[in-house]
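Working notes for the structure below.
The values are calculated or read from the model by the stated rules, or taken from the named source; none is laboratory data. These numbers were taken from a predicted model, which means no experiment stands behind them. Here the Cβ positions follow ideal geometry from the backbone for every residue, glycine too, while neighbour counts run over all protein chains shown.
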Ligand SMILES: [Zn+2]
């Protein structure tokens, strides 16, 4: 497995930064041009070499104002981006092929045409490609891709690494001091952000293999909101997460409102012809340097909490069962402007990444299961319980569960469930749960006998006044996200 490492420039002088920024700006034009001309699905299968040869032959290359190696590398990188973008859309087209053709040879032909990019003559495939693969655009103008034979690295007396990369003129080099003692290797991606250069490069993960062994148990985990994960023993991991998200989303909300107000003042002065004032406001009050810094600080804090939580789970378990978090992403439209939910959706992706990478590094097994209704079934009687805040009430035996704990137990039980696979639709899952409950109900006529016999699973300190059956509808006290989760069908 490859992982990306990032080295940062250390006290780079502004002159050098400006030179690099100019180069990145010119390469941004190349990038935008590749997307504009070859980003359409119709251009599937085009190779970067073809584009290069054509642009060198027709003189387009002379208008870029950068060295040949720089723009060629950018073309290669952009074509790779475009095919990744297409491949994401092709997943849906593949499913359409499966639905459309019942004959196995026809299906295979469809798949291979898709893979090779030779689907243009097939009207059905062409229609689906246009439907699912959109023409992308690129506004990226802060990146320079540098091939491994185009730069040198060396260590200074203090041990820190310097790197020199080609400038705009032939034989001109720009030396960048880095904040690391380990020299970057392979193809580099330089990203220029707020006066600092980030050097991204890939290294093999075996170098990073963890020495910490994993545990011996098997554990189910549920992604919560107030914490990163709850395991099937009821332990919470990464409990600071909810507070962190809340603070950040409150901050962003007021900050963005104030920025909008200032922006409207700038626009008003521009309308009134006071161009200088508008520019002054944009320069001094609407910059992005501090905002970017704050965001990256916040993101790295969330990542630390998340990875620490996942490590804590794997300290105990060598087999972790989790829901497939990448499948349950809510659509951007539904999230709307609610910053809090957008942040929460983003942390799901971080958790998914942490589960995959920590399991791989520490040698434990990760099984992804279908998560439909796992946060609504009570483990005691395995019926759909009544959700109230973070509690789940069993309407059959009266047990009260902490919802995330119940979720984790259900996730664990999904592993090896003969009827519910990762791809079983959630309507079928609900049907199965009800059928099974009905079967048990006929076998157990006394409603109060719980088959497992676990009671009061909710922490006793919070259990006062729960009154599960008398007062199930304390809906007004639900936190916003809890309400959303309780309503959603496929949790
Ligand atoms: Zn029960």
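Would it be correct to say that residue 429 is away from the ligand (no atom under 16 Å from the Cβ) and in contact with a helix residue (DSSP H, G or I) (Cβ under 7 Å, 6 or more places away or on another chain)?
no
For the stretch 251-298, how many residues meet the condition of being farther than 26 Å from residue 346 by Cβ and either not assigned by TED's automatic domain parsing to the domain that holds residue 343 or not in a helix (DSSP H, G or I) (or both)?
3
Scan the stretch 276-286 and tell me whether some residue there is under 30 Å from residue 405 (Cα atoms) and surrounded by 16 or more Cβ atoms within 10 Å (Cβ to Cβ).
No, the stretch 276-286 contains no residue that is under 30 Å from residue 405 (Cα atoms) and surrounded by 16 or more Cβ atoms within 10 Å (Cβ to Cβ).
Suppose we filter the stretch 31-81 for residues that are under 29 Å from the mean Cα position of the chain (by Cα) and outside any helix (DSSP H, G or I); how many remain?
So the answer is 6.
Quick one: is residue 411 crowded, with 17+ Cβ neighbours inside 10 Å, under 26 Å from residue 226 (Cβ atoms), in contact (Cβ under 8 Å) with a residue 60 or more places away in the chain and within 15 Å of the ligand (Cβ to nearest atom)?
No.
Kindly indicate whether any position in the stretch 143-151 is crowded, with 18+ Cβ neighbours inside 10 Å and modelled with pLDDT under 90.
Scanning the stretch 143-151 turns up no residue that is crowded, with 18+ Cβ neighbours inside 10 Å and modelled with pLDDT under 90.
Select from the stretch 385-401 the residues that are away from the ligand (no atom under 14 Å from the Cβ) and under 16 Å from residue 236 (Cβ atoms) and write down the one among them that is surrounded by the most Cβ atoms within 10 Å (Cβ to Cβ).
390
Determine if the stretch 102-112 includes at least one residue that is part of a helix (DSSP H, G or I), at pLDDT below 90, in contact with a helix residue (DSSP H, G or I) (Cβ under 6 Å, 6 or more places away or on another chain) and surrounded by 17 or more Cβ atoms within 10 Å (Cβ to Cβ).
The answer is yes; a qualifying residue exists.
What tally of residues in the stretch 346-384 results from selecting those that are at positive phi and within 13 Å of the ligand (Cβ to nearest atom)?
Step one: of the stretch 346-384, the residues at positive phi are 363, 373, 382.
Checking the rest, the ones that are also within 13 Å of the ligand (Cβ to nearest atom) come to 382.
Residues flagged as at positive phi and within 13 Å of the ligand (Cβ to nearest atom) within the stretch 346-384 amount to 1.
Anything in the stretch 205-226 that is crowded, with 16+ Cβ neighbours inside 10 Å and modelled with pLDDT under 90? List them, or say none.
Result: 214, 215, 223, 224, 225, 226.
Can you find a residue that is over 26 Å from residue 246 (Cβ atoms) and modelled with pLDDT under 90 anywhere in the stretch 332-344?
No, that holds for no residue.
If you take just the strands (runs of 3 or more DSSP E) that sit entirely in the stretch 336-407, which of them hold at least 3 residues that are farther than 14 Å from residue 220 by Cα?
Filter on the stretch 336-407 gives 386-388, 391-393, 400-402.
Under the condition of being surrounded by fewer than 21 Cβ atoms within 10 Å (Cβ to Cβ) and touching a strand residue (DSSP E or B) at 6+ places or on another chain (Cβ under 7 Å), which residue from the stretch 18-58 is farthest from residue 75 (Cα to Cα)?
My answer is 19.
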